[in-house]
Amino acid sequence: MTGQAITFREMLAPVSAEEFFERHHDSRPLHVPGGGGKFAQVFSWGALNTLLNMPNVWTSRTVKIARDGDTLAAEDFCRPVYGREGQAALEADPAKVRRHLRDGATIVLDFVECLSPAVASVSAALQVWFGGPTTCNLYCSWREQQGFASHFDTTDVIVLQITGSKRWRVYEGRFEQPVEAPGFETTGYPQEFHERRKGAVLMTPELTPGDLLYLPRGQYHDALASSEASLHLTFGVTQATGHDVLMQLADAFVDDPLFRKPFPPFDDEAAHEAHVRALADRMRDIVADPASSDGLRRFQHDRAFLFCYPQYDLPDRSDPVIFRVQSLKARLVRRGAAHQLQTQGGKAVLGEADAKLADWVLSRDFFSADELAETARRHGLADASAAVETFRNAGLIAPI
């Protein structure tokens with residue numbers, strides 16, 4: 001994957017990224033109408049058929065088929081096969097899949113960001129802005145045929161409507177802080193629970209090609225295709241939680257002799273309570289240690305940017321250098337004969353060539369060092385290293 005199919009700001013337009021994060025992120029749903037060709041570079045029916053015609057990819061783990069609110073058992077649309085290493089597997093059977101689609105079932109493909117360079121670039125852009133790993137599911141539905149019942153997701157959801165139209169119902173109800181753990185995800189409850197908790201209808205957007213819909217994690221919703229066929233992409237962003245952080249600190253805890261010490265006898269209530277207090281105090285000291293904070297920030301960073309960025313440019317075998325753009329509230333303004341770059345992290349005065357390069361950087365969510373060098377040469381800069389240092393010091397870019 002090289003370059004971007006579309007940037008986050010382009011996806012949101014005419015809503016600004018600043019307005020989105022101030023008014024909607026993690027709080028309120030957002031529907032952004034768009035033009036029919038807005039996401040044409042991201043996906044299409046042809047791209048879907050290309051993926052489906054790679055049969056070995058689509059197994060009971062990567063395909064779901066649903067109808068009338070129920071998810072079909074894998075045996076209903078898969079056939080037993082032997083994998084490349086001789087292991088038994090269930091592979092989606094094209095004949096069975098087509099039969100279910102003719103009956104109006106919705107098909108969902110998982111891991112699309114791993115198979116489409118354009119979709120991968122969207123996932124990569126969302127990772128830059130949301131700071132969490134991003135995956136993509138594809139949904140293909142048919143007129144007035146219900147796929148999934150009302151539910152919530154454990155991720156922030158960004159929907160891009162590719163073709164056709166789909167009516168959504170977004171409800172007032174929101175599950176508090178859902179995560180992928182038993183008791184805190186939508187599949188852990190019967191449908192009756194969701195029907196009681198979803199509340200009244202909050203909004204009913206009908207998505208047409210080029211529209212975007214944002215749903216905060218936990219927001220109840222359902223959808224129904226309103227055209228003969230509907231195709232949309234759903235991107236899910238997962239944030240690091242306190243539970244994730246505690247799991248990362250487990251090694252630090254076991255390094256401390258106090259956490260390896262046996263508990264007092266459970267009948268000795270006073271000693272038991274004193275030991276728990278000692279563990280809590282020591283845990284607080286470990287978490288507050290600057291070294292722990294640095295390690296946790298590195299964990300969160302590495303978790304956010306593990307996927308979807310270019311890693312190979314063969315025959316060049318050098319390690320890639322990728323930068324993310326921190327453009328929230330950043331701007332480039334003219335100051336007399338010079339330009340001033342203003343960011344949340346600082347300011348920098350730029351000459352004409354550096355200003356043109358900064359303007360290009362601000363039009364991206366991420367880029368490679370090679371892309372920056374080529375752009376710099378087009379603007380008359382033989383060496384972009386000084387500009388890179390200036391942009392980094394101003395807080396405009398950071399390495400991934």
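Values in this text are rule-based calculations from the coordinates and carry no lab data. Quick caveat: nothing in here was measured; it's all calculated off a predicted structure. So basically every Cβ, Gly included, is an ideal-geometry build from the backbone, and we count neighbours across all protein chains shown.
Using Cα-Cα distances under 8 Å and only pairs 6 or more residues apart, what relative contact order does the range 322-399 have, in percent?
40
Report the rotationally averaged projected area of the range 17-140 based on its alpha-carbon convex hull, in square nanometres.
Here the figure is 10.0 nm², rounded to one decimal.
Determine one quarter of the surface area of the Cα convex hull of the range 322-399, which equals its mean projected area, and express it in nm² to one decimal.
Average of the hull's projected areas for the range 322-399 equals 4.4 nm².
Got a sec to turn the phi values of the range 142-156 into Karplus ³J(HN,Hα) couplings, 6.51 cos²θ - 1.76 cosθ + 1.60 with θ = phi - 60°, whole Hz, x for Gly and Pro?
With coefficients 6.51, -1.76 and 1.60, one gets 10, 3, 6, 10, 6, x, 10, 6, 4, 7, 10, 10, 8, 10, 5 Hz.
Report the FRET efficiency, 1/(1 + (r/R0)^6), for residue 253 and residue 76, where r is their Cβ-Cβ distance and R0 is 51 Å, rounded to 0.05.
For residue 253 and residue 76, the calculated efficiency is 0.65.
Counting alpha carbon pairs within less than 8 Å and at least 6 residues apart, what relative contact order, in whole percent, applies to the chain?
Normalised by residue count, the contact order of the chain is 17 percent.
From the phi of every residue in the range 35-51, what ³J(HN,Hα) in whole Hz does the Karplus formula 6.51 cos²θ - 1.76 cosθ + 1.60 yield, where θ is phi - 60° and glycine or proline is x?
For the range 35-51, the Karplus curve yields x, x, x, 4, 10, 4, 7, 8, 7, 6, 4, x, 5, 5, 4, 4, 5 Hz.
Ratio of alpha-carbon Rg to the 2.2 N^0.38 Å globular estimate for the range 321-366, to two decimals, please.
1.12
Under 18 Å Cα-Cα from residue 198, which lysines qualify once same-chain neighbours fewer than 8 residues away are excluded?
none
Residue by residue through the range 86-101, what is 3J(HN,Hα) from phi via Karplus (6.51 cos²θ - 1.76 cosθ + 1.60, θ = phi - 60°)? Round to whole Hz and write x for glycine and proline.
Once rounded to whole Hz, the list reads x, 7, 6, 8, 10, 10, 4, 8, x, 5, 5, 4, 4, 4, 5, 5.
In whole Å, what are the Cα extents of the range 270-392 along the three principal axes, biggest one first?
74, 44, 20
Using per-residue counts of other Cβ atoms within 10 Å, averaged over each peptide, order 212-218, 359-365, 369-375 from highest down.
212-218, 359-365, 369-375
Which of the lysines could a cross-linker span from residue 329 if the Cα-Cα distance has to be under 20 Å and same-chain partners fewer than 8 positions apart are dropped?
Leaving aside lysines fewer than 8 places away in the same chain, those within reach of residue 329 are 347, 356.
Under a straight-distance cross-link criterion of Cα-Cα below 23 Å, which lysines are reachable from residue 96, leaving out those fewer than 8 residues away in the same chain?
64
When ranked by the protection proxy of mean other Cβ atoms within 10 Å per residue, highest first, what sequence do the peptides 65-76, 333-344, 32-43 form?
32-43, 65-76, 333-344
Jot down the radius of gyration and Dmax of the range 134-290, Cα atoms only, both in angstrom.
When restricted to the Cα atoms of the range 134-290, Rg and Dmax are 22.6, 70 Å.
Any chance you could get the radius of gyration and Dmax over the Cα atoms of the range 8-237, in Å?
17.3, 53
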